[in-house]
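Step one of this worksheet: look at the structure below.
None of the figures in this text is laboratory data; all of them are computed from the coordinates on show. Just so it is clear, the model here is predicted, and its values are computed rather than measured. Here the Cβ positions follow ideal geometry from the backbone for every residue, glycine too, while neighbour counts run over all protein chains shown.
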Amino acid sequence: MKKINFAFWGTPEVASNTLEILKANGYWPSLVITSLDAKRDRGMQLQQSPVALFAEQNNIPCLKPEKLDEEFFNKLKAISYKLSIVVAYGKIIPEDILNIPKLGSINIHYSLLPKYRGASPVESAILNGDTETGITIQKMEYKMDTGPIIVQEKVEIGNDEKAGELRKRLIKIGGELLVKILKTYTPPKPSPKEREKFKGEKQDESQATYCKKIKKEDGLIDLNDDPIKNYNKFRAYSTWPRTYFFKNGKRIIITDAVLENNLFVIKKIIPEGGKEIDYKN
């Protein structure tokens, strides 16, 4: 079967991991759009995004627009592709650009929309003590995470599962679900029924909730706070910004902790300027 001609928008590792899943199933983008090279890590040298590196390694044309303006719109308009797939691109994409391909643009979001619209759905689910989250593949609109839902899949959250572990599972499940969508709804000549399903179902605005972009200071923890709240915060922020507290004016990063008999028990820490050690209260 002939595969669909699509453009892929994304920037971080979550997006490049999704590309690897698509590649493993025979789906190659004809074009990749990613963010500009940026200064990363301690050396602060300009580095390509993980998606740009994937494109380079696989000989896929890659665009890194500074602005999503009329000039870039005209550039994309001259390129032939039927669908845009967007995974963590990092900027809001203008509606006229979303509507360039015949089949529009679709996005993987790591929650059961309309719950947790926004930048931190994985962390927010853990912070709130949810036992279930999921994947949504939606048609994209200009407003963030408000598009019609094509398909969803529920995913259980483990009692001790950290955000990084959950995200890794969601990326895999989301990538596989995306492949299923591409196989089912975008053949060369989709049936009227398939075409209708691909339009998606409108979200229930009355059920919408939102989550914010995480900041470094969000990791600050009060050791006298509710133990379950603190443990959920540790799990949610275990990758970044990590949870920490201050002792004698020094920042102490928590690297390992458990919930025992409804008590938040810290196992290991990194004192400011030091190395990881066992924690002794």
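Here are the numbers for the structure shown:
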| item | result |
| --- | --- |
| Helix axis angle, 163-185 relative to the chain longest principal axis, alpha carbon, degrees | 10 degrees |
| Distance between the range 132-156 and the range 237-267 - C-alpha centres, whole angstrom | 32 Å |
| Sequence ranges 152-159, 126-133, 174-181, 232-239, ranked by mean other-Cβ count within 10 angstrom, highest first | 232-239, 174-181, 126-133, 152-159 |
| Dimensions in Å of the range 51-132 - Rg and Dmax from alpha carbons | 15.9, 47 |
| Cβ-derived FRET efficiency at R0 41 Å, N128 paired with L63, nearest 0.05 | 0.65 |
| Projected-area mean, the range 100-242, by convex hull of Cα positions, square nanometres | 9.6 nm² |
| For the range 216-278: Kirkwood Rh in Å [reciprocal of mean 1/r, alpha carbons] | 11.6 Å |
| More than 23 Å apart - percent of Cα-Cα pairs taken over the range 172-270 | 54 percent |
| Per-residue [θ]222 nm for the chain (sum of -39500 (n - 2.57) over DSSP H runs n ≥ 4, rounded to 500) | -8000 deg cm²/dmol |
| Degrees between helix 227-236 axis and first principal axis of the chain (Cα, 0 to 90, nearest 10) | 40 degrees |
| The range 17-94: Rg to Rh, with Rh as the Kirkwood radius over Cα pairs | 0.97 |
| For the chain, alpha-carbon Rg and Dmax in angstrom | 20.9, 68 |
| C-alpha long axis of helix 13-24 to longest principal axis of the chain, angle in ° | 50 degrees |
| Dipole of the chain [Lys/Arg +1, Asp/Glu -1 at C-beta], most positive-end residue of V14, I108, V179 | V179 |
| Whole-Hz ³J(HN,Hα) from phi, Karplus 6.51 cos²θ - 1.76 cosθ + 1.60, for the range 76-93, glycine and proline x | 5, 4, 7, 9, 8, 7, 9, 8, 10, 10, 10, 9, 6, 5, x, 9, 6, 8 |
